[in-house]
Amino acid sequence: MFRRALVLAPLLAAAALQAPVYAAALSTEGGLNGAYHSYKELETDLFALQQKNPAIAKVFDLGESLEHRHIYGLKISDNVAIEENQAQILILGCHHAREWISVEVPFHFGKYLVESYATDPEVKRLVDQSEIWIVPMVNPDGLEYTIHTYRYWRKNRRDNGGGQFGVDINRNYDYKWGFDNAGSSGDPGSEIYRGPAPFSEPETRAVRDLFLKKSFGAVVSYHSFAQDILYPWGYTDQPSDRDAEMQGIAVEMANRIKAVNGRTYAPGQSGKDLYLTNGDANDWTFGLSGIPSFTIELPPIDELLGGFFNREEDIAPIFQENLPALLYLVDRTVQNFRPYLRNPFDLRSVFFPGARAAGILY
Amino acid sequence: MGARAIAGISLLAALIAWPGAARAQTKIGQYLDEAPLRTWNTAPFTLAAGLGRGGTSFTRAADPSAALSNPALLPLLPRVSAAVQGFAESASMAKAGPIGTGVFLTDGNVVASSTGLDFAGVAVRAGRWGFALSVCREESYLRPTAYYEESAPAGQNGYLLQWTQTGDLRIVNAAIGGILGHGFSVGLGVNEVFGSLRRSLVEQVTGPGGYEISDTVTQDFRGLFLNGGLLWSPSSRFRAAAVFRTPYARKAAGQSALDYRAPDGNTDIPIDASSKDTARQPLMLGLGGSYDLSPSLTLAVEASYFGWSAYSLDFFGEAQDRGFRNVVRVNAGLEFRQKIPLFGIDFDMPSRVGLIYDPQPVKDPASAYGDITVGTGLAAGRFRLDLAALLGREWGSGNGLIARRIAISLIFQL
Ligand SMILES: [Zn+2]
């Protein structure tokens, strides 16, 4: 703990110093959504990162949304063009359209890694020893609808018929999908409509297909608001058999976050301390692979302080406070990584050979 | 030009039967945010006389609106003519903004209606030359106002959601036409475009701990284009015409104000933006002919090409994907002229009827209107009153949209 704190001190200083540089170099100026990324602005900025350092940053097209937008993943690693036997971390943003800040923290993390790689030995060490996958905008159609039409839209843009639109893609994953009607809904008009079937939505299939191709060691899915660090289970208020371990990691992250700007993110079990959710991303990744899986609910803490709004000038500090927690999780995943053998008897390939088998529960 | 919006909307907290197969995506259809009410193919503007005979206006005009459809007609007008027009119009839509796309649930198409004055102009003829100065309202961006409210007693939370969109586009046209001889005349007009669009969405949770989100976008439009035409009258019974309108850049100065306020938390989070955008408007080319079947009956047929595939729109710095298709509108009309004696005066009382096939540029779903028009008039001495009505039905989108327009124009001529 003390050793880590010492390592982090220079990182925090670097993050603080570099904040103004970020603001100047982005394509987000001037749009309807201010300093936040639209779909096209994100596309531009992700490819700019790839162009800036193609040796460690590569943009992947993970799939197409319902309205034919690309769901992009940014892979950051040394030897980025090849698959290495290294620790892998997945960072997701914007399952929910109106949670604009949840695009920014993952994106800025990728930007920070790319831009600090050459000058920061600690960043270089982590990037060299891992594959960091960042998917900042899982729900581009919904996000565009929040920019152009209705700011508080949450779901994707599935036409459910009868004038009802949208599937809550964070209720569409196939672990305890539709477990009960408290954690999701079968009503197409509901804000937590789970969809007609698990992985019915191209957005969740894009995440699934990436996840099944890789061997991730940790997952963070960003949301807002409430300032929480949530871990499985979401579908039940009963703890998982690794509750203490997950809580330990969440507490470590919360402490690091608080040390930056003094903001408290409450660690807790998703289904017990927030509310019941079934079919969400974290229950699926945890249920499938048993890897540390977190939902981080970004600021503000409540509606009185902004709800799904954050000041444009708060993007940088919110990213900065999340940076040491992310670096800690990457470092932890690297430390715990044991090189795996790719062989035909890999359990993963036996039980989950492809998309069709992804519905198996355990 | 007062505008009145009628909302045919109810927000239903209804259980909707689960459809067998979910559809692919949100297809907004014709009513994209910037779409004119009723039809994308608004050019050329016509007064009631033209509207009554199916909008045919390239070869026959008896009022200053000739400057907008074919300025080559100007030297054929009376020595002085002046006109004003009033209108009432309505159009139905299935989806527009948050209506029918998941926020405001409707139990059918909704209708936007407005009334006002949409033309004033004067034309004079001097020898072989004709001149005109006019202003018209060519496009309306009106949408039905959508409104939902749940009131609550003091100390509890209520809810309000309201969406509006208004705006229009006007053209000031100065035109000249001249007779070339051998049955030919030509004309050219300069058109200054100006207009605005305002869209606003307000969402409120009232009462303790409540908040308000307001999202307002305004745009001011400017642009300049030329229109012109050639008229050929080889005989007293037949006329043919070719007309054009140049493509042009419609500049939009935009302001966006998105704001979150929570009074109990002293929170105010504004996200403001301004922009200078451009919409590339299409080339329009028209061909038409009219023939006097008898001294009192004239048939006119016209085709107008709109190069919508070249249409592009930037909106707050971002190119919007439109992918329009080029379309050809076909107008056809008949005019029957007769004299009716009333109170000892001989009135001219024409009867007009017409058809319009009006395909829309949106590709998916591709749609077109079929319009029927009727019109009549009453003229005596220096004054003429024209009255026309259009009823259109759309097919292709599956929504069976309806468009209506009534125009009354008063013309004074010497
Ligand atoms: Zn969320």
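The values are calculated or read from the model by the stated rules, or taken from the named source; none is laboratory data. Source: prediction; values computed, not measured. Don't worry about glycine lacking a Cβ; one is built from the backbone with ideal geometry, like all the others, and counts go over all protein chains shown. Surface areas here come from the heavy atoms of the whole protein model, side chains and all, with no ligands, DNA or RNA. Shrake-Rupley method; radii C 1.70, N 1.55, O 1.52, S 1.80 Å.
Summary table below
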{"item": "FRET efficiency for B:Ala303 and B:Ser274, using Cβ-Cβ distance with R0 set to 51 Å, rounded to 0.05", "result": "0.80"}
{"item": "Accessible heavy-atom area order of A:Thr204, A:Thr264, highest first, probe of 1.4 Å", "result": "A:Thr264, A:Thr204"}
{"item": "10 Å-binned pair-distance histogram of the range B:4-413 (Cα, whole percent)", "result": "5, 20, 29, 22, 13, 7, 3, 1, 0"}
{"item": "Accessible heavy-atom area order of A:Phe179, B:Phe104, highest first, probe of 1.4 Å", "result": "A:Phe179, B:Phe104"}
{"item": "Potential lengthening between B:Ile340 and B:Val84 on full extension [0.36 nm per residue; Cα-Cα distance subtracted]", "result": "89.7 nm"}
{"item": "Chain A: most fluctuating residue of A:Gly290, A:Gly163, A:Gly63 per GNM, C-alpha cutoff 10 Å", "result": "A:Gly163"}
{"item": "Average beta carbon contacts from partner chains per residue of B:39-46, 10 Å cutoff", "result": "0"}
{"item": "Solution diffusion estimate, µm²/s, Stokes-Einstein, the range A:262-329, Kirkwood Rh from C-alpha pairs, 4 °C, viscosity 1.567 mPa s", "result": "93"}
{"item": "Gained length - B:Asp314 relative to B:Ala253, 0.36 nm times residue gap less alpha-carbon distance", "result": "20.8 nm"}
{"item": "Cut-off 13 Å (backbone N to label point 7 Å along Cα→Cβ of A:Leu304), residues of the range B:233-268", "result": "B:262-267"}
{"item": "Chain B: calculated mean residue ellipticity at 222 nm from DSSP helix runs of at least 4, using -39500 (n - 2.57)", "result": "-500 deg cm²/dmol"}
{"item": "Spin-label model distance (nm) - B:Phe412 vs B:Tyr357, 7 Å beyond Cα toward Cβ", "result": "4.3"}
{"item": "At 0.692 mPa s and 37 °C, Stokes diffusion of the protein assembly as shown via Kirkwood alpha-carbon radius, µm² per second", "result": "113"}
{"item": "For residues of B:100-110, the mean tally of beta carbons on other chains within 10 Å", "result": "4"}
{"item": "Extension gain, A:Arg338 back to A:Asn255 (0.36 nm per residue minus Cα-Cα distance, nm)", "result": "27.2 nm"}
{"item": "Helix-only [θ]222 nm of chain A, DSSP H runs n ≥ 4, -39500 (n - 2.57) each, per residue, nearest 500", "result": "-12500 deg cm²/dmol"}
{"item": "Label-to-label distance, nm, for residues given as B:Asp220 and A:Asp237 (7 Å Cα→Cβ offset)", "result": "5.8"}
{"item": "Shielding score for A:136-146, defined as the mean number of other chain Cβ atoms within 10 Å", "result": "1"}
{"item": "Using a Förster distance of 60 Å, the FRET efficiency for A:Asp273-B:Ala366 (Cβ separation, nearest 0.05)", "result": "0.70"}
{"item": "5 Å binning of all Cα-Cα separations within the range B:334-383, expressed as whole percents from 0 upward", "result": "5, 17, 17, 14, 11, 9, 8, 7, 5, 4, 2, 0"}
{"item": "Percent accessible area from carbon and sulfur atoms, the protein assembly as shown, protein chains only, probe 1.4 Å", "result": "59"}
{"item": "Percent of beta bridges antiparallel (DSSP, chain A, rounded to nearest 5)", "result": "45"}
{"item": "Fluctuation leader among A:Arg158, A:Arg242, A:Arg171 - chain A, Gaussian network, Cα springs under 10 angstrom", "result": "A:Arg242"}
{"item": "Surface accessible to a 1.4 Å probe, A:His148 within the full protein complex, Å²", "result": "40"}
{"item": "Cα point-scatterer Debye curve for the range A:145-202, base-10 log of I(q)/I(0) at q = 0.21, 0.30, 0.31 Å⁻¹", "result": "-0.73, -1.25, -1.30"}
{"item": "Two-site FRET efficiency, B:Ser196 against A:Gln247, from Cβ-Cβ distance with R₀ of 51 Å, rounded to 0.05", "result": "0.35"}
{"item": "Cα pair distances of the range B:113-228 binned at 5 Å [whole percent]", "result": "2, 9, 13, 13, 11, 10, 9, 7, 6, 5, 4, 3, 3, 2, 1, 1, 0"}
{"item": "Local electrostatic count, A:Gly178, Cβ distance below 13 Å [Lys/Arg +1, Asp/Glu -1]", "result": "-3"}
{"item": "23 Å Cα-Cα threshold exceeded, pairs from A:Lys214/A:Lys258; A:Lys52/A:Lys258; A:Lys111/B:Lys27; A:Lys176/A:Lys272; A:Lys40/A:Lys214", "result": "A:Lys214/A:Lys258; A:Lys52/A:Lys258; A:Lys111/B:Lys27; A:Lys40/A:Lys214"}
{"item": "Radius 12 Å from Cβ of B:Val330, net charge of other residues (Lys, Arg +1; Asp, Glu -1)", "result": "-2"}
{"item": "Accessible surface of A:Glu191 - all protein chains present, 1.4 Å probe, nearest 10 Å²", "result": "80"}
{"item": "Whole-Hz ³J(HN,Hα) from phi, Karplus 6.51 cos²θ - 1.76 cosθ + 1.60, for the range A:293-306, glycine and proline x", "result": "9, 10, 9, 9, 8, 7, x, x, 8, 7, 6, 5, 9, x"}
{"item": "Cross-link reach list, aspartates and glutamates versus A:Lys213, counting only Cα pairs under 15 Å and skipping chain neighbours closer than eight places", "result": "A:Asp61, A:Glu83, A:Glu84, A:Glu131, A:Asp346"}
{"item": "Contact order normalised by residue count of the range A:47-189, Cα under 8 Å, 6+ apart, percent", "result": "24"}
{"item": "Range of Cα positions in chain A per principal axis (Å), largest first", "result": "54, 52, 36"}
{"item": "Cα-projected label distance for B:Arg325 with A:Glu29, points at 7 Å along beta-carbon direction, nm", "result": "4.1"}
{"item": "Candidate residues A:His70, A:His223: accessible-area rank, largest first, probe 1.4 Å", "result": "A:His70, A:His223"}
{"item": "Projected area, mean over directions - the range A:179-315, Cα convex hull, nm²", "result": "9.3"}
